[in-house]
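Worksheet for the structure shown next.
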Amino acid sequence: MSGNAATTGMPSGGIPEPAESLAHEALSRPVRGGNAFEETLARLLQLIRLGIVAPGEALAPERELAARFEVSRDTVREAIRSLADAGYLESRRGRYGGTFVRDPLPTGPGPGPRADGGPSESVSSLTADELDDILTLRAVLEVGAARAAASRALTAAERESLNARLVEVRTADAADYRRLDSRLHLTIAELSGSPRLVSLVADNRMAVNRLLDRIPLLPPNIAHSDEQHEQIVWAVLVGDADRAAAAMAEHLAGSQSLLRAFLS
């Protein structure tokens, strides 16, 4: 099930972006410690569920993934096979063949290990302290990312990419909303210029998404989130770091309240 083509760099909506984003690079870092298969599967699932490799796009070839993750090709092949069995990937043959992300993606939690790289666990077993830990870390990382992004002089391509992600979320249907919402938040982290921060935000976002998957997607909340997204993006684009941080903090507080209300 080896892929013969790298990712195209063109999301399903047709909006161009760099073929190798900072988020893609951050999540393609070498696997360190733990079970190599579980870590590789979790890393591939992050790329898919956070929208870094979108439905219809191809994964990099097995040999390239193995080199990036610093694992064997057998490990990569086994992880890809597991994700294919779970409905996330499909193999295509021929000149333009490879391993592609399925469109549409399956719904519900991912297969095997926890998607953020940690051990499997039930959300229902989450304690109040563990919920606080996930949400506190999210606030620290993403408010800081918004401030850092607004503090940088962005290129025209970066500004276009951020606007594109905003449009994607605003026009997303319910099935794609959380994946594209994740992609917008990751893009803001990318604009900080810090690969380590992107990696931390991605790991935390997977844990948050596991929680969000357990609560309803409420239309009034989506409308409010879209308004807040616009405020965050506007502040980043005009270079107002304080306003970007404040808008992100307000945005995260809303989803935090929902999660506590449904899960506590």
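Taking region 193-223 as the range and being of a type in the set (Gly, Ala, Ser) and within 19 Å of Glu250 (Cβ to Cβ) as the test, only Ala223 passes. When Ala153 is tested against (1) more than 21 Å from Arg43 (Cα to Cα); (2) assigned to a helix (DSSP H, G or I), just one condition goes unmet, and that condition is (2).
Being at pLDDT 85 or above, surrounded by 18 or more Cβ atoms within 10 Å (Cβ to Cβ) and closer than 21 Å to Arg183 by Cα is true of Leu45.
Given the condition within 30 Å of Glu25 (Cβ to Cβ) and surrounded by 22 or more Cβ atoms within 10 Å (Cβ to Cβ), answer yes or no: does some residue in region 215-228 qualify?
Within region 215-228, not a single residue is within 30 Å of Glu25 (Cβ to Cβ) and surrounded by 22 or more Cβ atoms within 10 Å (Cβ to Cβ).
Selection within region 162-195: residues that are buried (at least 20 other Cβ atoms within 10 Å of the Cβ) and of a type in the set (Ser, Thr, Tyr). The member of this set that is farthest from Gly144 (Cα to Cα) is Ser182.
Only one of these is small (Gly, Ala, Ser), under 18 Å from Asn35 (Cβ atoms), crowded, with 16+ Cβ neighbours inside 10 Å and out of contact with any Ser or Thr (no Cβ under 6 Å at 6 or more places or on another chain): Ala79, Ala86. Name it. So that I can check it myself, show each step before the final result.
Numbers: Ala79 fails: out of contact with any Ser or Thr (no Cβ under 6 Å at 6 or more places or on another chain).
On inspection, the qualifying residue turns out to be Ala86.
For region 125-138, a residue qualifies if it is in contact (Cβ under 8 Å) with a residue 12 or more places away in the chain and surrounded by fewer than 17 Cβ atoms within 10 Å (Cβ to Cβ), and the qualifying residues are Ala128, Leu137. Only helices (runs of 4 or more DSSP H) whose full extent lies in region 157-264 are considered here, and the ones with at least 2 residues that are without any contact (Cβ under 8 Å) to a residue 12 or more places away in the chain and assigned by TED's automatic domain parsing to the domain that holds Val143 are 219-238, 241-263. Filtered by the rule that a residue be surrounded by 14 or more Cβ atoms within 10 Å (Cβ to Cβ) and over 30 Å from Asp181 (Cβ atoms), region 89-104 gives a lone residue, Gly97.
Residues checked against (1) modelled with pLDDT of 90 or more; (2) more than 20 Å from the chain's Cα centre (by Cα); (3) at negative phi:
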| residue | (1), (2), (3) |
| --- | --- |
| Leu200 | yes, no, yes |
| Ser225 | yes, no, yes |
| Ile232 | yes, no, yes |
| Ala241 | yes, yes, yes |
| Ala247 | yes, yes, yes |
| Gly254 | no, no, yes |
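Glu158: under 20 Å from the mean Cα position of the chain (by Cα) and surrounded by fewer than 16 Cβ atoms within 10 Å (Cβ to Cβ), yes or no? No: the conditions fail for Glu158.
The values are calculated or read from the model by the stated rules, or taken from the named source; none is laboratory data. The shown structure was predicted, so the numbers you read here are calculated from the model rather than taken from an experiment. Backbone-built Cβ (ideal geometry, glycine too); neighbour counts: all protein chains shown.
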